[in-house]
Each structure stands twice: as structure tokens, then as C-alpha cells.
1. Would you mind ranking LEU160, LEU137 by Cβ crowding within 10 Å, fewest neighbours first?
2. Please list, in order along segment 75-88, the HN-Hα scalar couplings obtained from phi with the Karplus expression 6.51 cos²θ - 1.76 cosθ + 1.60 (θ = phi - 60°), rounded to whole Hz, x for Gly and Pro.
3. Kindly put ILE111, ILE124 in sequence by how many other C-beta atoms sit within 10 Å of each C-beta, fewest to most.
4. Can you pull the one-decimal nm distance between simple spin-label points at ALA142 and ALA74, each 7 Å off the Cα toward Cβ?
5. Can you put THR51, THR149 in order, fewest other beta carbons within 10 Å first?
6. Given H placed 1.01 Å from N in the peptide plane, which residues other than close sequence neighbours of VAL83 have an amide H under 5 Å from its amide H?
Amino acid sequence: MNSSEHEPVLPASEGACPKPAARALDRMRGSRGTWAILGLTLALSAAAVATDWNRPAGVHPLGRALALNPGGGAWQYLTYAFVHLPPGRGLSGLLILVLHLGANLALLAVIAPPLERRLGVLGIWAVYAVAAVGGGLCHRYATSLPQLTLAGGCGAICGLAAAGLVLAPAEWRRGLALLAAVPAAGGLVAALTARLGMPIDPN
């Protein structure tokens, strides 16, 4: 008797391991709050780069309106987390921007969906906003370089990660390895900006 007659036949979708990209998209399904944060961050960052790119160096009207600057408006304690700016002109500045924005979007896509399933759309936005404001206040009042422009969502994403550790630990651990890359990426960007003489905070 052929042993294959007694082996169950699995559909191709069940017999094969899903690819990492497919698993990530599956986790993102239904995460409307996360998608909204991702979309707003990408749109504002692209708009800031597109409108400010051809202006003289150091002149970034839209970027400076959204990023956290000394003497800026109170709204900047929140809006800085949704905009990412190139630390300088040319290919090097654009490359650092892409790395910074891409890493933050990837982290957000991994960390936020499990938390959103616990808190809902309004909950994930509330945690993100509170963490962003907290990060901005720490930058302004608890660092040695408060005069630097602050742009990027690292502070808010770390706040989501902390909330995830408390509220969704089993699911959040899947993103732990990716989260560990944040300090390394921040250090790399800081080293590059210092090397190139670009006065911008890599957060």
C-alpha cells in the first residue's frame, strides 16, 4: 500500500509558510488608526521635502512650522512626530531621510497593530500623541541640546512600545528585535550628521 494515500493533502495556502511581508500585512489588516498615522506621517514628510527642497539652505518654512523649534508654537510638541526632514542637501541628506523615515514606519507597522486591537483607533492615537508630547518636552527641558530642531516619530514610537509591553506583551515581542535597531539607527544617523556638519537632531 502506498503511504501517500493516508497523508492529508493540504491546500497550498496552508502547506506553505507565509512570507514575512504577507504576515506583516495580515497583522495590519483592520488597523485603521495605525494606517492613518502611517499615511499622515508619510504625507507630511513628503510635502515638507517637496516644498522646501529648492529653497536656500536653512530655509524650510513648512518643515520649521511642523518640527519642534526653539520659540515655536505649542502645536509643534505634537506635529514634530509626523514630519521627517533631510539633515542637509544632496544625496547624503536624502539617504538619511529615507533611512530615518523608513525605519520609523517599519517600527510603527510592527508595534502599533497589536496595541490598537486592545485600545481601538482613538486609543492608539491618544497613546501616540501623549508619547510624542512627552518626547518633545524631554527634548526641550531635559537634554543638553534643546536648541536643535527636532523632527521624527522615535519618541512617540517608543511610547507605543512601552504601552505594548504592558498591554500586549505576547504579540508585541514579535517586534522586539526590530525595536532593538532604534538606538543603533539613531547613533548611525547622529554620526553621519555630525560628520557632514548637519545641524539637526536625528530623533
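Bear in mind that the values in this text are calculations on the coordinates, not laboratory data. Remember, predicted model here, so these are calculated numbers, not experimental data. Reconstructed Cβ throughout: ideal geometry from the backbone, glycine too, with neighbour counts over all protein chains shown.
1. Ranked by crowding around the Cβ, least crowded first: LEU137, LEU160.
2. Coupling constants for segment 75-88: 4, 5, 5, 10, 5, 4, 6, 9, 10, 10, 10, x, x, x Hz.
3. Least crowded to most crowded, the residues run ILE124, ILE111.
4. Using points 7 Å along Cα→Cβ, the separation is 2.1 nm.
5. Details: THR51 13, THR149 21.
Fewest-to-most Cβ neighbours within 10 Å comes out as THR51, THR149.
6. Here GLY152 satisfy the definition.
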